[in-house]
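Report on one structure; see the data block that follows.
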Amino acid sequence: VDVYQAWCGPCKPVVNLFQKIKNEVGSNLLHFAVAEADSIDALEKYRGQCEPVFLFYTGGELVAVVRGADAPLLQKTILKQL
């Protein structure tokens, strides 16, 4: 989940990275979503930050968090979680 602020919007370059990984892996287990922290109470702790935050869930449980649009770290995290 790409958690973003209303004033800066979701991290568009990362969408391409996620799509590339999903195409390479061919997994139905990988899903990408965006969520505006300002409009979801459960994401309150991510409000007011200028960097994107990516939350990784497996079976409804938060399993990893990546702060910032660090493409190599995001790819490593995705592949590890798959």
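Some notes on this structure:
- Enumeration of residues in region 50-62 that are assigned to a loop (DSSP other than H, G, I, E, B) and touching a helix residue (DSSP H, G or I) at 6+ places or on another chain (Cβ under 8 Å): 52
- The set of residues in region 34-82 being aromatic (Phe, Trp, Tyr) and farther than 21 Å from residue 19 by Cβ consists of 46 alone.
- Pairs where the first residue, in region 20-49, is on the phi < 0 side of the Ramachandran plot and assigned to a strand (DSSP E or B) and the second is surrounded by 13 or more Cβ atoms within 10 Å (Cβ to Cβ) and of a type outside the set (A, V, I, L, M), C-beta under 7 Å, 6+ apart: 34/2; 34/4; 34/10; 36/4
- Scanning region 38-62 for residues that are modelled with pLDDT of 85 or more, within 12 Å of the chain's Cα centre (by Cα) and open to solvent by 20 Å² or more (accessible area, probe 1.4 Å) returns 56, 57, 62.
- Region 63-82, subset open to solvent by less than 60 Å² (accessible area, probe 1.4 Å) and in contact with a Phe, Trp or Tyr (Cβ under 8 Å, 6 or more places away or on another chain), residue nearest to residue 12 (Cα to Cα): 74
- If only residues of region 63-82 that are basic (Lys, Arg) and assigned to a helix (DSSP H, G or I) are counted, the one that is farthest from the chain's Cα centre (by Cα) is 80.
- Scan of region 45-82 for residues that are farther than 11 Å from residue 4 by Cα and of a type in the set (Asp, Glu), ordered by number: 61, 70
The values are calculated or read from the model by the stated rules, or taken from the named source; none is laboratory data. These numbers come from a predicted model, not from an experiment. Neighbour counts are summed over all protein chains in view; Cβ atoms, including those assigned to glycine, are modelled from backbone coordinates with ideal geometry. Heavy atoms of the whole protein, side chains included, go into the accessibility calculation; ligands, DNA and RNA do not. Shrake-Rupley method; radii C 1.70, N 1.55, O 1.52, S 1.80 Å.
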